[in-house]
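Comments concern the structure below.
The values are calculated or read from the model by the stated rules, or taken from the named source; none is laboratory data. All values derive from a computational prediction rather than experimental measurement. Ideal geometry is used to build each Cβ from the backbone, glycine not excepted, and the neighbour counts take in all protein chains shown.
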Amino acid sequence: MAMTATRVLVIEDDAAIRRGVVDSLRFSGYECLEAKHGDQGLELALRGEYDILLLDLVLPGRGGLEILKELRGSRPQVPVIVLTAWGEESDRVSGLRLGADDYVVKPFSVRELLARIEAVLRRSAERPSDLARVELPDCTVDFARREVRLQDGERRALSERESELFLYLARNAGRVVSREELLSRVWRISPKGCTTRAIDMHVARLREKIRDDAESPRILLTVRGKGYLFAGAAGESGSPPGKAGP
């Protein structure tokens, strides 16, 4: 099965710039999603499957800073590079304060853009997990130790894949995650032509380990025809799952 290429979401209203960026990225081996309007861009940013976002700040509809603010509230780990023009220093500063990882000033060279994308992706991969554990009604899931600690003291080990799957769902708490997204982001394989049975089996094992009733689950929910949703309790330090604690 083929490994998935890194996917870049490009939100840029200038057609010439957007086409140049997308063509250059695809030539360099990246997959691309693109949007020319802020409203469409916000929808893709919040619900699309991608690895890094290139975000113009001046857009029709929702502005880039508004998109960035909403993205950081729901998907805080997504790396973002802001695209700005000369004279937009205050917007660049605002973008960085809202959580952008880097910025590129127009006009920019393809070589510079590719170098910054590679650097941001490399730094993102080295970030520590934003979620060390989650507290559930009947147990604690400890991602660092890869184990479930039940209230009666019993400990149940998690496989590496089970831990990665649970962590990904917990980071995206409250959002339905498709099986295709899980294949791409957790299994790191292309979902095209692949069976999702392995995901269903892993979820079934996780439910058993955390004592989540398979017939009527409360924590790992199945959304028919769409995927899975983590509806567990707050993470450590009282933060919602998927958000970093203080």
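Looking only at segment 54-102, filter to residues that are among the basic types (K, R), within 20 Å of the chain's Cα centre (by Cα) and part of a helix (DSSP H, G or I); which one of those is surrounded by the fewest Cβ atoms within 10 Å (Cβ to Cβ)?
Restricting to residues being among the basic types (K, R), within 20 Å of the chain's Cα centre (by Cα) and part of a helix (DSSP H, G or I), the top hit is R97.
When A35 is tested against (1) in contact with a helix residue (DSSP H, G or I) (Cβ under 7 Å, 6 or more places away or on another chain); (2) at pLDDT 95 or above; (3) over 26 Å from S178 (Cβ atoms); (4) not β-branched (V, I, T), just one condition goes unmet, and that condition is (3). So the check is Cβ under 6 Å with 6+ separation or different chains; which pairs have a first residue in segment 105-116 that's closer than 11 Å to V21 by Cα and a second one that's surrounded by 12 or more Cβ atoms within 10 Å (Cβ to Cβ) and not polar (S, T, N, Q)? Filtered contacts from segment 105-116: L113/V104. None of L98, L44, L59 is at pLDDT below 90, in the same structural domain as E112 (by TED's automatic domain parsing) and not hydroxyl-bearing (S, T, Y) except L98. Just one of (1) surrounded by fewer than 19 Cβ atoms within 10 Å (Cβ to Cβ); (2) within 14 Å of the chain's Cα centre (by Cα); (3) not in a loop (DSSP other than H, G, I, E, B) fails for V105. It is (2). Suppose we keep only residues that are modelled with pLDDT under 95 and among the small types (G, A, S) within segment 1-15. Which one would you say is farthest from D39 (Cα to Cα)? Looking at the filtered set, the residue picked out is A2. Here the condition is being at pLDDT below 90, assigned to a helix (DSSP H, G or I) and either closer than 18 Å to R7 by Cβ or not β-branched (V, I, T) (or both); of E181, E162, it holds for E181 alone. Just to verify a result, which residue in segment 144-174, among those that are free of Cβ contacts under 8 Å to residues at least 24 places away in the same chain and touching a strand residue (DSSP E or B) at 6+ places or on another chain (Cβ under 6 Å), is surrounded by the most Cβ atoms within 10 Å (Cβ to Cβ)? That would be E147. No other residue among E49, E34 is closer than 23 Å to E66 by Cβ, charged (D, E, K, R), part of a loop (DSSP other than H, G, I, E, B) and within 21 Å of the chain's Cα centre (by Cα) apart from E49. May I ask you to say which residue of V141, V203, V177 is of a type in the set (V, I, T), touching a residue at least 24 places away in the same chain (Cβ under 8 Å) and farther than 30 Å from D101 by Cβ? On inspection, the qualifying residue turns out to be V203. For segment 7-16, the criterion of being of a type outside the set (D, E) and more than 26 Å from I189 (Cα to Cα) is met by at least one residue. Checking each residue of segment 133-150 against the condition of being in a helix (DSSP H, G or I) and at pLDDT below 90 gives no match.
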